[in-house]
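Worksheet for the structure shown next.
No lab work stands behind these numbers, since they all come straight from the coordinates. Owing to the predicted nature of the structure, the values given are computational and were not obtained by experimental measurement. Cβ placement follows ideal geometry from the backbone for every residue including glycine, while neighbour counts extend to all protein chains displayed.
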Amino acid sequence: MHQLLAPADYRRMPWKNGGGHTLEIAAEPPGAGIAAFAWRVSVADIERDGPFSAFPGVDRTVVLLAGNGMRMTGAGEPVDLHEPYEPVRFAGEAALHCTLLDGPTRDFNLMVRREAASGDVVVVRDAACAIEPARAYVCYAASGSCECLIAGYPPLVVAPAHTLLVRAPASAAVPGMHVYPTSDAAVALVAVIHAPHVLQ
């Protein structure tokens, strides 16, 4: 049901457009390629300006982890990703170009294929957070460590840059999870994945 992942467990993969690499933290189904995932969570370093890879039918959420961020242009008004730990959402089919604001950035990424699932990123900082029932959680300790409580299990401590992956059994849902930052500076990013029937 749950698995603690260290950075050494993440899978290094090329971007779809060949412009860089990403560290894949988890995907459903496990080990799925970029054309077959229902959802995917990763961390990417962006070192130069360039286009975003196109992912038709995929909803994307990006969160700035480090660096001064970037500006996304090409679909509607430009969007600046410059506030750390503030999720920015956009459609994967949008033709977007990334311009770095001042040097390289590191970003947390959630991609969810609309026909297969829905998802969001919950930012946990300053205080404990109760996470709603879901099909899966991917809790990434973005700064400092955090502690996760799941009914029926002892507390699980997630070390910095490590991840707690929680998957529900088939046709079920995890009844909920509580996430506690372990210090004032700790920040956890929780990708919360729902089955299609709970789309809002």
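Before moving on, here are some points about what is shown:
- Total charge dipole magnitude, the chain, about the Cα centre, Cβ charges on Lys, Arg, Asp, Glu only, Debye to nearest 20: 560 debye
- Computed over Cα pairs, the Kirkwood radius of the chain leads via Stokes-Einstein (1.002 mPa s, 20 °C) to a diffusion coefficient of 126 µm² per second.
- Dipole of the chain, positive direction: furthest Cα of Ala136, Ala185, Pro160, with charges on the beta-carbon: Ala136
- Cα-centre dipole for segment 14-126 with unit charges at Cβ (Lys and Arg positive, Asp and Glu negative), debye to 20: 280 debye
- For the pair segment 134-173 / segment 1-51, the C-alpha centres are spaced 18 Å from each other.
- Segment 118-198, Rg to Rh (Cα coordinates; Rh as Kirkwood inverse mean 1/r): 0.96
- Calculated over segment 76-154: convex hull of Cα atoms, volume per residue (Å³): 141 Å³
- Extreme residue, positive dipole direction of segment 66-200, given options Asn68, Gly103, Ser118 (C-beta unit charges): Ser118
- For Ala170, net neighbour charge (Lys/Arg +1, Asp/Glu -1) across residues whose Cβ lies under 13 Å away: +1
- The C-alpha radius of gyration of segment 16-106, expressed as a fraction of 2.2 N^0.38 Å, stands at 1.05.
- Cα gyration tensor shape of segment 1-69, rounded if a/c is under 1.5, else prolate or oblate by comparing a/b with b/c: oblate
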